1. Does residue B:12 satisfy the criteria of being in contact (Cβ under 8 Å) with a residue 40 or more places away in the chain and farther than 30 Å from residue C:174 by Cβ?
2. Does residue B:43 satisfy the criteria of being over 20 Å from residue C:146 (Cα atoms), crowded, with 18+ Cβ neighbours inside 10 Å and within 15 Å of the chain's Cα centre (by Cα)?
3. Would you please name the residue that is farthest from the other protein chains (Cβ to nearest Cβ), looking only at residues in the stretch C:334-361 that are touching a helix residue (DSSP H, G or I) at 6+ places or on another chain (Cβ under 7 Å) and outside any helix (DSSP H, G or I)?
4. Counting just the residues of the stretch B:94-145 that are among the polar types (S, T, N, Q) and not in a helix (DSSP H, G or I), which one comes out most open to solvent (accessible area, probe 1.4 Å)?
5. What pairs can you find where one residue is in the stretch A:14-28 and within 9 Å of chain C (Cβ to nearest Cβ) and within 15 Å of residue C:338 (Cβ to Cβ), the other is in a helix (DSSP H, G or I) and open to solvent by 100 Å² or more (accessible area, probe 1.4 Å), and their Cβ atoms are less than 7 Å apart, with a gap of 6+ or different chains?
6. Here are C:307, C:315: which of them is more than 30 Å from residue A:29 (Cβ to Cβ), open to solvent by less than 80 Å² (accessible area, probe 1.4 Å) and either of a type outside the set (Phe, Trp, Tyr) or in a helix (DSSP H, G or I) (or both)?
7. Using the structure shown, decide if residue A:45 is among the acidic types (Asp, Glu), within 20 Å of the chain's Cα centre (by Cα) and within 14 Å of chain C (Cβ to nearest Cβ).
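The values are calculated or read from the model by the stated rules, or taken from the named source; none is laboratory data. Since we're looking at a predicted model, the values are computed, not measured. Backbone-built Cβ (ideal geometry, glycine too); neighbour counts: all protein chains shown. Just so you know, the surface numbers come from the protein's heavy atoms only, side chains and all, with ligands and any DNA or RNA stripped out. Shrake-Rupley method; radii C 1.70, N 1.55, O 1.52, S 1.80 Å.
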Amino acid sequence: MVTFFQKAAEYAQDAISAGKYLLQGLAVTFDHMRRRPITVQYPYEKLIPSERYRGRIHYEFDKCIACEVCVRVCPINLPVVDWVMNKETKKKELRNYSIDFGVCIFCGNCVEYCPTNCLSMTEEYELAAFDRHNLNFDNVALGRLPTNVTTDPSVIALKELAYLPQGVMDPHELEKDSSRAGKLPSEVLIKTIDNDTASIGEKTQ
Amino acid sequence: MTISTSTELICFLILSSVIVSGGLGVVLIENIVYSAFLLGGVFMSVAGLYLLLNASFVAAAQVLVYVGAVNVLILFAIMLVNKKEVMKPIKGLKLRKFFSGCVCAGLLALLFRVNIITNWATPGPQAIGEIATERIGEHLFTDYLLPFELASVLLLMAMIGAIVLARRDVISIELETTKSIQENIINNSTDNVLLNQSND
Amino acid sequence: MFTTLKIVFIAVVDTGLDLEISFNHLLQGIGLPSSIAHLLWLPLPMLLVLTASLIGVLVTVWLERKISAAAQQRIGPEYAGALGILQPVADGLKLLVKEDIIPKKADSLLFTLGPILVLIPVILSWLIVPFGQNLLISNVGIGIFLWIALSSIQPIGLLMSGYASNNKYSLLGGLRAAAQSISYEIPLALAVLAVVMMSNSLSTVDIVNQQNTAGLLSWNIFRQPVGFLIFWICALAECERLPFDLPEAEEELVAGYQTEYAGMKFALFYLGSYINLILSSLLVSVLYLGGWGFPIPIDLITHSLGQSPNAPVIQIIAATIGIIMTVFKTYLLVFLAILLRWTTPRVRIDQLLDLGWKFLLPISLVNLLFTAALKLAFPIAFGG
């Protein structure tokens, strides 16, 4: 009998604590309702891609020496380098260069290893097409510069979370000259240089 | 004929035709799921008849118990074991059908006889309408208390029986070995199966 | 015309606010016999309530979308009308013009009948929902019992559509819906029974009247807190709202019994589930939150203002306040349901049945016995 009552009491306590947790959860949900939406309304608003964003690859035809390093470092040998040996000058003559972005995984190895820096990563990520063959970019298409989010007049550019000031979560209606949390690289550099000179000064003394 | 009586007549005719045709459908249709759904329709129409007789509580109880519980459980059972089974051909099926048809026809004849012979008092007793709920409760807890409680005990017994049948896998071990299942588990764990096998 | 208006006015004064009698008087004033006036009257409240419930669904869908968005720090519908207020209308139009698909191997008769059978009992249950003393379609004696009986028809429709779709997910969804609805009907009925025991009547009007003797303090939620919780949990389970939306659990059953449905047939399910949510909220407010009652009794206010509570102006104001209070309480509960949707994770089927049979059922039985004991001990407070 006593154990029965004990069990009943435990059961009741369990039920009460479950109710308490439920109320706690409801309070959290309710609290979220007064927060501002963090929605980025995409075609009208866009986030500014971060500095090292690996978007569509840009290619400069004139800089390329057709060394095929990009092909060798590519995980799937994707870039197509179409060159012929000019017998007279004994030099490679580049005719065409293409990358299929329907297959590319944007790892950036080609950009990393290109000896002449003719490849670079852009911020462009809107590559959707109705036909996957349209994603096979030739050297002309690769040479086009993407529209910048910040310069596009039809788009409101918003900062990403990492670039917002400390404590700010919402990129809308930022103050004009607000800067990201922490110091800029230049500021960090100046400080370390100062420190270095100071330490050098100490040593000389 | 006033509007109310004519609507009552029309409702009665519709409901009774639905009941008769639905009942025939339940028996005659091959697809068992259709039969079950038609049974629900028949129960609903019976509830409609109760409503026509001004017995709204009985009608609601009919819907709740027969449609909401009985019929749903029937459907449940049918759908959980919805196996397409080829029936074995039974010997003398036609003869059997004929005999059962005769029995049913006899019952129908008996019903007709009762219906014709009995001197129905028309109009019947006045419907008490709204206070019917109270009256039913009163009767259940005074004159009909014993049958009411007996019915509940019967249902409890049926329920326990159903549980025993359904959970035979748990209960039968205890019955056969007269040891509880936990004891069995302990015994099994003590004799070392792997070691014995390696010795062999 | 002036005389008919005068008759209407007198009718209002004489009978309190009974619209039927005043309507009849109006038509008889024009020169129609009373039986035809009655026939003309009959469909009017039904149409009104049907429209009200449909508008209620539109509002609820909009609220659901907006509140869900707010709880997830999104914006929600924005472009269809101001604040996206026309979004439910756009949804409805879309469903209306969509192709009505019946799968080739489905049972087309049962497939069509299923959604209808789901929707009709829900709409029929609006028969007993009171918005004021005389503002309901029919004050039937069995009142709240009618709702319980009608809501037990719904699982048949769900089973029917689940079976007719000829799809394993649909069948499982239908079976789950039926199992859930049967198991939660019992604690629901027991919770209602405790309320009925206090008011000595099944009629919704009597239940509300019994709660409005002392304003806020006499609401059933204070006398039946446990019953209120049981009823609310069971109502959520009956509506298949989120902690209990197993029949349409996306991760396991695609969309349950709705999987094969598209266009208007799907819209019927959608409509049914939202009307059911509003209906359940309305009944919670009727059974536990004093229905159309204002937190301070109207009589007390009129007395303190030195007005007669039977004055026509006061009657009309009181009726308006009654409707507003009912709707307000209902939407407060709808809001709670939406908030719960984004707070609680879905329970498993065994947890659901455990909660129904092993927790709610014994608790509601104890609650019923306790109410009976209290009724015998304190007949003044618990309806002698």
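1. For residue B:12, the condition - in contact (Cβ under 8 Å) with a residue 40 or more places away in the chain and farther than 30 Å from residue C:174 by Cβ - is met.
2. The answer is no for residue B:43.
3. Only one residue tops the list, namely C:346.
4. B:126
5. none
6. C:315
7. So residue A:45 fits the description; yes.
Yes/no per residue for (1) under 30 Å from residue C:183 (Cα atoms); (2) open to solvent by less than 100 Å² (accessible area, probe 1.4 Å); (3) at pLDDT below 85; (4) not hydroxyl-bearing (Ser, Thr, Tyr):
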| residue | (1), (2), (3), (4) |
| --- | --- |
| B:2 | no, yes, yes, no |
| B:5 | no, yes, yes, no |
| B:17 | no, yes, no, no |
| B:52 | no, yes, no, yes |
| B:56 | yes, yes, yes, no |
| B:62 | yes, yes, no, yes |
| B:70 | yes, yes, no, yes |
| B:76 | yes, yes, yes, yes |
| B:89 | no, no, yes, yes |
